[in-house]
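Have a look at the structure below, then the notes.
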Amino acid sequence: MTENEQVKLIRTACPAHCGIDCCGILAHVKGNRIVKLEPADFPDERDRRICLRGLVSLDITYHPDRIKYPMKRIGERGEGKFERISWEEAYGIIVTNFKEISEKYGWKSIGWVLGGPGAGTTKFGAYLRLASLTQSTRVSAWGYGDAGLPCGSRVIFGHQFPYLYLFGEFWQRKYPELLMIWGTNPAESMPLQNMRKVLDAKEYGTQVIVVDPRFTVTASKADEYIGLKPGTDSALALGIMNVIFQNNLHDKEFILEHTNGAYLVRIDSGKMLRGKDVDAKKPEAYMVWHESSNFHKALSRTSVKEASLTGTYMINGIECKPVIQVLMDLASEYTPEKTAEITGVNKDLIVKLGKRIATAETVRFLTHMGFTRTYHGDISLRGLISVAAITGNVTTSVNSGHVPGILNWSPFLKAIPGKPSFHRIGILNLYEAVISSNPYPIKALWFAFINFLNQCANANKIIEEFYPKLEFIVQTELFLTPSARYADLILPVCSFLEFSDFLAQPYPYVQLQQKVIEPLYESKSDANIVAELAEHLGFGEYFKGGEEGLIDLIMASRSFEGITRETLKTQARKLPTLPEGASFPLSFGTPSGKIELYAEQLYEDGEALPVYLPPIEAPITPGENKYPLTLVNGHSRFRTHSMFANVKSLLDLNPEPIVDINPIDAETRNISNNDIVTVFNDRARTTLKARISESVQPGILDITEGWWIEQFKEGSLNHLTHDIINPVQDKVYEPNMHMNDVAVEVEKK
Amino acid sequence: MSKSKRLGMIVDQERCIGCEACSVACRIENNSKDFWIKVETQGTSVKDTPVGKFPDLTLNFLPRLCNHCENPPCVDSCPEDALQKRNDGIVILDQDLCTGCKACLDACPYNIIVFDENNHLAEKCNLCAHRVDKGLEPFCVLCCEGQALHFGDLYDPESNVTKILSKDNVFQLKPDEGTNPSIYYIRPKPKRRL
Ligand code: SF4
Ligand code: SF4
Ligand code: SF4
Ligand code: SF4
């Protein structure tokens, strides 16, 4: 086998896909050239996989348009004119600018905008460590679409992510009787880690329901498709809860044990009734109505077992109701008729759905970010979780399988223990910080693994008001993206095949993204760039060992005991398994330590319950609207956000941006397939090709996200979106961008 | 000449998510110009769009590749003997013998042979004979996102494909042509409505 003699096989992993899929990749290398990629083995052969993007990764690595050396802007910002400089010059420019700006405005005014690192850890951690050392500003990018879900999850579960509670068992291939796929399209966004298991579950016998405003590929696999109007998820959830309560099908035992459903709420103040309100011994104790003694009692393990879930009680002259009663009162307004009117879902279907969820032995809820990208998307998630909780379908302990791995972020978040760390600001708050110095001025930004202008809301505002206020912009990039064009300095980074990183994905594995070839041209990994810059700024000692040193640092966590960089070179490793019979409780980080169906801290905001509040812009209710159509943006299988948009082999299959229009809307506007149309609102005009498709309901347009600005004939997707901040999300965690809550009109060009 | 094997494939429409990873994988593996396996959206000429009226819709995908027919009209049509049926059932197009006359393009009832305008030669799926001869499965099968493609020997009673054939309701494309394709399809499962 002479071929094998020359070809070296190296196992690495693809971090591109926001971490969830994270396919193991076997690279075939001849000399310093990768000749082929294929799916690598996994300890469980069912996990061997690759997606079409992973397959064409070499087209990124060997792309002729790659940025090959550091470059300094010589034209106007946005013009795309740059000249080659050396790395030393580049570091010199950065140090000079950082010095000047920090002297004028403080280090706080220098921000690191870190986008989606995919499954990558140290490339992200390196920046956090340097931001911590310099006490500069870390701009969190959760808010460019991914903050709505954590906002909702933090309120109801007290945890950043709801996944383990809602479908951790599904990831362990324990398939339920009923699978609710709500507001996510794994067929295109997580085909391997999630969609394959959906297909496996169906084969196993699971009934699959898909709730989505678009008839997606995932919807096409469903046994029943619930095509609701965008942003009406919490109305649907309330309608479902109404059916469940009306039929007395809620799981009382589970509610008592794991939720705050029995806790008494003061009707006058909207706050929980506390011990101090009734002169009980423990002033802060929650109170319940104890059924057998027909009296209020402080919450305890025993009192809660006999607590009342319904009724109205006068206690010390204060009118009180248990949380479930308050929730029932709200849900009772959402009759099948009214729910149908708001959501557009057939009323009989709502009744059948409610009964089915309540009576199925097990229900798992597979969900993700998509439906939380509306103005009240955080409440949509809470509505979904409330349905799961009142039917006892939230997982509260890991009873077998693998304990989730915890990454050792502390040395990155706080480089020097005891010393202050970085400042933090959300990406949507960044607009105000840069434009109006609110809450404080940001004058220099470093963008890493983010195509900011392309992927963030309201592009014209960024171009006209945001960029001009910045004194210095650095971007690390592979390509001259729409965002990189606005940088003052571009630093060339490697593709994932040219550097090493630690990946704690996909569940239940950890993998090494192993460097397959030396960095091409003058490119470097983000981690090594940070390490070298740190050296220039006098913090070199914190980055000893570069990439590899950082990997060891992040792996230093008890959950990875026995797993080393060396052992990961040939195979992915499974996380430790729980011993037989052992169970690992999934705690809730809420103030009560329970699933909070009612969040008293949001009473003044009118959001203590998972209420339905209409979208902020999407014109889903009939009436006079200047812009009568709702624009949503799905995920395309051809791209990971804006990555792969410039890869020819995929453009052969999917050459240009299109807008999906329902035949009814197309007809009234005289639009046919392949016509060039303009989608517009007060913010912008975006011109592209039309596709007539029933996949969107009347009143909805869909443009998949990630196309680069220059691929549109005019405008772009995010020229149309808005940057309105939801103050409740701002308070709870970080405000999200609401790309699925946008009003537009469309006309034939 | 007795045929010892009949290598073929089963395409499970229930598991196919229309991702086109098979198309992309095949093109890379075979370094071909065009796609040898193409994923059609059934019932419509507009790719990736469902059939019906919202919300009562269906969306099914049909990956199409050379059928490695039992009775392949393409083989008879080729004046250069560039198309051959092997003993294991694979129908091979040998580009070294092809002169680019295009006779096979018309002969194939499935319209699956493509013409490379650059080298003026015909090309099609060879069922990854180069891999199969090394004991590997076809590259599209390995890379299929939905695990919708099953490869094996349709004569071997123990093979995975024979087992699937015995339990599922399968169909072949254009059975009336009398070609007896070695690529079988499983229809999507009926919906279990609420
Ligand atoms: S499908 Fe066409 S090319 Fe393939 S064997 Fe049959 S006739 Fe020949
Ligand atoms: S194009 Fe090539 S393979 Fe086809 S018939 Fe002509 S010579 Fe034969
Ligand atoms: S079997 Fe091989 S040649 Fe045929 S379609 Fe699949 S990958 Fe392509
Ligand atoms: S790779 Fe598999 S799932 Fe994807 S289109 Fe091809 S056959 Fe279907």
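The values are calculated or read from the model by the stated rules, or taken from the named source; none is laboratory data. Bear in mind the structure is a predicted one, so any value in this text is a computation, not a measurement. Cβ sites come from the backbone with ideal geometry, for glycine too, and all protein chains shown count toward neighbours. Ligands, DNA and RNA are excluded from the accessible area calculation, which covers all protein heavy atoms including side chains. Shrake-Rupley method; radii C 1.70, N 1.55, O 1.52, S 1.80 Å.
If you filter the stretch B:39-69 down to residues that are charged (D, E, K, R) and surrounded by 18 or more Cβ atoms within 10 Å (Cβ to Cβ), you find that the one that is nearest to B:Pro190 (Cα to Cα) is B:Asp48. The set of residues from the stretch B:8-27 being within 16 Å of ligand 1 (Cβ to nearest atom) and either within 7 Å of chain A (Cβ to nearest Cβ) or within 20 Å of A:Gly54 (Cα to Cα) (or both) comprises just one member, B:Cys26. The residue that is nearest to the other protein chains (Cβ to nearest Cβ), among those in the stretch A:209-220 that are closer than 15 Å to B:Thr58 by Cβ and in contact with a helix residue (DSSP H, G or I) (Cβ under 7 Å, 6 or more places away or on another chain), is A:Val217.
Close Cβ contacts (under 6 Å, 6 or more residues apart or on different chains) running from residues in the stretch B:104-121 that are within 14 Å of chain A (Cβ to nearest Cβ) to residues that are within 14 Å of ligand 3 (Cβ to nearest atom) comprise B:Val114/B:Asp34; B:Val114/B:Glu123. For the stretch B:70-89, check the following and say yes or no: at least one residue is away from ligand 2 (no atom under 16 Å from the Cβ), assigned to a loop (DSSP other than H, G, I, E, B), away from chain A (no Cβ under 14 Å) and open to solvent by less than 40 Å² (accessible area, probe 1.4 Å). Yes. Restricting attention to the stretch A:46-87, and to residues there that are away from chain B (no Cβ under 14 Å) and aliphatic (A, V, I, L, M), which single residue is farthest from A:Val493 (Cα to Cα)? Only one residue tops the list, namely A:Ile74. Do we have A:Val211 as touching a Phe, Trp or Tyr at 6+ places or on another chain (Cβ under 8 Å), among the aliphatic types (A, V, I, L, M), in the same structural domain as A:Thr395 (by TED's automatic domain parsing) and under 25 Å from A:Gly377 (Cβ atoms) here? Judged against the criteria, A:Val211 is a match. Among the residues of the stretch B:144-155, not a single one is touching a His at 6+ places or on another chain (Cβ under 9 Å), over 20 Å from A:Lys202 (Cα atoms) and modelled with pLDDT of 95 or more. Here B:Trp36 passes the criteria (1) in contact with a Lys or Arg (Cβ under 7 Å, 6 or more places away or on another chain); (2) away from ligand 4 (no atom under 13 Å from the Cβ); (3) farther than 24 Å from B:Ile164 by Cα except the one numbered (2). Filtering the stretch B:130-160 to residues that are within 15 Å of ligand 4 (Cβ to nearest atom) and either in a helix (DSSP H, G or I) or open to solvent by 20 Å² or more (accessible area, probe 1.4 Å) (or both) leaves B:Glu137, B:Phe139, B:Cys140, B:Val141, B:Leu142, B:Cys143, B:Gln147, B:His150, B:Phe151. Of all the criteria given as (1) among the hydroxyl-bearing types (Ser, Thr, Tyr); (2) touching a strand residue (DSSP E or B) at 6+ places or on another chain (Cβ under 7 Å); (3) within 14 Å of ligand 1 (Cβ to nearest atom), the one not satisfied by B:Ser77 is (2). From the list B:Asn67, B:Asn30, B:Asn60, the one residue that fits, being touching a residue at least 60 places away in the same chain (Cβ under 8 Å), of a type outside the set (Asp, Glu) and within 8 Å of chain A (Cβ to nearest Cβ), is B:Asn60. Residues that are within 28 Å of B:Arg187 (Cα to Cα) and more than 19 Å from the chain's Cα centre (by Cα) do not occur anywhere in the stretch B:110-127. Among the residues of the stretch A:489-510, how many are at pLDDT below 95 and either assigned to a helix (DSSP H, G or I) or open to solvent by 10 Å² or more (accessible area, probe 1.4 Å) (or both)? Selection size over the stretch A:489-510: 4. Could you grab the pairs with beta carbons closer than 6 Å, sequence gap of 6+ or different chains, first residue in the stretch A:338-365 and more than 29 Å from A:Leu164 (Cβ to Cβ), second one hydroxyl-bearing (Ser, Thr, Tyr)? Going by the 6 Å Cβ cut-off, the qualifying pairs are A:Ile342/A:Thr232. A:Pro186 satisfies every condition listed in (1) within 21 Å of A:Gly383 (Cα to Cα); (2) within 7 Å of chain B (Cβ to nearest Cβ); (3) not acidic (Asp, Glu) except (2). Residues in the stretch B:108-128 that are in a loop (DSSP other than H, G, I, E, B) and within 14 Å of ligand 3 (Cβ to nearest atom): B:Tyr110, B:Ile112, B:Ile113, B:Lys124, B:Cys125, B:Asn126, B:Leu127, B:Cys128. Among the conditions (1) of a type in the set (A, V, I, L, M, F, W, C); (2) under 30 Å from A:Gln697 (Cβ atoms); (3) within 16 Å of ligand 3 (Cβ to nearest atom), the only one that B:Leu83 does not satisfy is (2). Residues that are among the acidic types (Asp, Glu), under 37 Å from the mean Cα position of the chain (by Cα) and in the same structural domain as A:Leu366 (by TED's automatic domain parsing) occur at least once in the stretch A:273-295. The criterion of being farther than 23 Å from A:Thr343 by Cβ and open to solvent by less than 10 Å² (accessible area, probe 1.4 Å) holds for A:Ile595.
A single entry from B:Gly152, B:Gly146, B:Gly135, B:Gly100 fulfils the requirement of being away from ligand 3 (no atom under 14 Å from the Cβ) and more than 14 Å from chain A (Cβ to nearest Cβ): B:Gly100.
Restricting attention to the stretch B:34-57, report how many residues are out of contact with any helix residue (DSSP H, G or I) (no Cβ under 7 Å at 6 or more places or on another chain) and either in a strand (DSSP E or B) or within 10 Å of chain A (Cβ to nearest Cβ) (or both). Qualifying residue count, the stretch B:34-57: 16. In the set A:Pro439, A:Pro411, only one residue is farther than 29 Å from A:Gln511 by Cα, surrounded by fewer than 24 Cβ atoms within 10 Å (Cβ to Cβ) and not hydroxyl-bearing (Ser, Thr, Tyr); that residue is A:Pro439. The set of residues from the stretch A:62-78 being in a loop (DSSP other than H, G, I, E, B) and open to solvent by less than 90 Å² (accessible area, probe 1.4 Å) comprises A:Tyr62, A:His63, A:Arg66, A:Ile67, A:Lys68, A:Tyr69, A:Pro70, A:Gly75, A:Arg77, A:Gly78. When A:Asp223, A:Asp251 are checked against the criterion of being within 14 Å of another protein chain (Cβ to nearest Cβ), under 27 Å from A:Trp171 (Cβ atoms) and surrounded by fewer than 20 Cβ atoms within 10 Å (Cβ to Cβ), A:Asp223 stands alone in meeting it.
Within the stretch B:96-133, the set of residues being near ligand 2 (Cβ under 8 Å from one of its atoms) and closer than 17 Å to B:Pro181 by Cβ comprises B:Cys104, B:Ala107, B:Ile113. Candidates in the stretch B:1-45 are the residues that are β-branched (Val, Ile, Thr) and in contact with an Asp or Glu (Cβ under 7 Å, 6 or more places away or on another chain); of these, the one that is farthest from ligand 2 (Cβ to nearest atom) is B:Ile17. So, A:Thr206, is that one of a type in the set (Ser, Thr, Tyr), open to solvent by less than 10 Å² (accessible area, probe 1.4 Å) and within 14 Å of another protein chain (Cβ to nearest Cβ) or not? So A:Thr206 fits the description; yes.
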